[in-house]
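Structure record follows, encoded as structure tokens.
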Amino acid sequence: MCCDRPPTRLFLLSLAAYASLLSSCAAHAPDNDFEDVKLSKLAFGSCSKPFWPQPLWGAIREQAPQVWLWTGDAVYLGGDQPDDLKTAYRSQLEREDYRQFLSTGVIVEGVYDDHDYGKNDAGKFLRDREGSQQAFLDFIGVDRHSARRRRQGLYSSHNFGNSTDVVKVILLDTRYHRDSHFIPSIGSFKIPFSALVAAFTRWLCGTLGLGLDHGGDILGEEQWLWLEDELKNSRAAVHILVSSIQVLTSNNLVESWKHFPRSKRKLLELILRYRPSNLVILSGDVHFAELSGRPAVEVTSSGMTHTCATVWWGRACGPIVGAYQEHRERPGDWYTGYNFGTVEIDWGGRGKGIKPVVSASIRN
């Protein structure tokens, strides 16, 4: 009888290995695979209040993007009640200018940032983060049975095109699993000037070197493993990595990966290890636009209905933004007017060894 046991054990091990293989393959599969969409232009934007004038939709429509990416703060809440988020999304969807844009057949994807997550500067301690995730997925029309509904966080990946002409869009969730800052932000508190106080504490940490080895995480273990799989196994010709907060900025005042140094190092190490082809990082959040080029290419578009130049302290906006240059290739690569961004891909007459030409722009 002893001779019957090893085959049974081997069979069980084989089943376990097969299940593991299936799980691994599933992890690498994109959430959407638009094989029939050869992507040549996408547009993106952030920081849009649904109750305010939205002057950019006509210009965005003229660009005729195949894909629109919300890179954070697609809406702002009118209050702090549980239904306020759904009300804000419904108001955006009912706007005639946005409905006309959607009628073009554009594919809409994206991620939330803090305001459409639920509270200014919020992270993993938000009370109803699961509800915020589901509300955003409802807003962009994700199927009720999608695996994204069961995921802890909004992170996802999407492939466009087939064969060698594939663009991979990787969307990171920088809120659902994010720890507190070295000095926890009071930005979500309902007290006067709380956002300015939060910005000051970030500036203080950056200027004095506090928290240089802060161990706070941004993505969480599961999302880190998923991201590494996405980069390691990708054969795409172009990669678009979306982070709602800035990755490369040297500006101490704004929320960014800079305030989570271990996470930032980990992200840049992954990028350097796997060297995704034609990588462009997209971000939002900061209420101005800029191009960053050190050590990668990052395009920030923020300010569809309001910018740092349109608030009461707006005259100080330009000097503050211009004071931080370390992350820019050129000192003047920033803009404080209303803006959105585009990424264009020229596939040309691609032959063996010929790479696509990728260009990014800030527009108004």
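The values are calculated or read from the model by the stated rules, or taken from the named source; none is laboratory data. Only a predicted model underlies this, so the values are computations on that prediction, with no experimental measurement involved. Cβ atoms come from the backbone with ideal geometry, glycine included; neighbour counts cover every protein chain shown. Surface areas here come from the heavy atoms of the whole protein model, side chains and all, with no ligands, DNA or RNA. Shrake-Rupley method; radii C 1.70, N 1.55, O 1.52, S 1.80 Å.
Of the residues examined, Phe125 is not one that is surrounded by fewer than 17 Cβ atoms within 10 Å (Cβ to Cβ), in contact (Cβ under 8 Å) with a residue 24 or more places away in the chain and farther than 29 Å from His259 by Cβ. Starting from residues that are surrounded by fewer than 24 Cβ atoms within 10 Å (Cβ to Cβ) and in contact (Cβ under 8 Å) with a residue 40 or more places away in the chain, keep the ones in region 274-284 and report whichever is farthest from Leu241 (Cα to Cα). Selected residue: Tyr274.
Hey, any hits in region 96-107 for a residue that's on the phi < 0 side of the Ramachandran plot, open to solvent by less than 80 Å² (accessible area, probe 1.4 Å) and under 19 Å from the mean Cα position of the chain (by Cα)? Checked region 96-107: at least one residue is on the phi < 0 side of the Ramachandran plot, open to solvent by less than 80 Å² (accessible area, probe 1.4 Å) and under 19 Å from the mean Cα position of the chain (by Cα).
Is it the case that Glu298 is touching a residue at least 40 places away in the same chain (Cβ under 8 Å) and more than 21 Å from Phe51 (Cα to Cα)? The answer is yes for Glu298.
Has region 99-113 got at least one residue that is among the hydroxyl-bearing types (Ser, Thr, Tyr) and out of contact with any helix residue (DSSP H, G or I) (no Cβ under 7 Å at 6 or more places or on another chain)? Yes, the conditions are met somewhere in region 99-113.
Does Pro184 fit the bill of being free of Cβ contacts under 8 Å to residues at least 24 places away in the same chain, under 23 Å from the mean Cα position of the chain (by Cα) and either over 27 Å from Leu171 (Cα atoms) or open to solvent by 40 Å² or more (accessible area, probe 1.4 Å) (or both)? Judged against the criteria, Pro184 is a match.
Could you check, for region 202-224, whether at least one of its residues is in contact (Cβ under 8 Å) with a residue 60 or more places away in the chain, open to solvent by less than 50 Å² (accessible area, probe 1.4 Å) and within 24 Å of Cys317 (Cα to Cα)? Among the residues of region 202-224, not one is in contact (Cβ under 8 Å) with a residue 60 or more places away in the chain, open to solvent by less than 50 Å² (accessible area, probe 1.4 Å) and within 24 Å of Cys317 (Cα to Cα), which makes the answer no.
Of everything in region 28-48, what is under 20 Å from Thr305 (Cα atoms), part of a loop (DSSP other than H, G, I, E, B) and either hydrophobic (A, V, I, L, M, F, W, C) or open to solvent by 50 Å² or more (accessible area, probe 1.4 Å) (or both)? Give them in sequence order. Correct list: Cys47 only. Taken together, Gly161, Gly118, Gly153 contain a single residue that is modelled with pLDDT under 95 and either open to solvent by 30 Å² or more (accessible area, probe 1.4 Å) or touching a Leu at 6+ places or on another chain (Cβ under 9 Å) (or both), which is Gly118.
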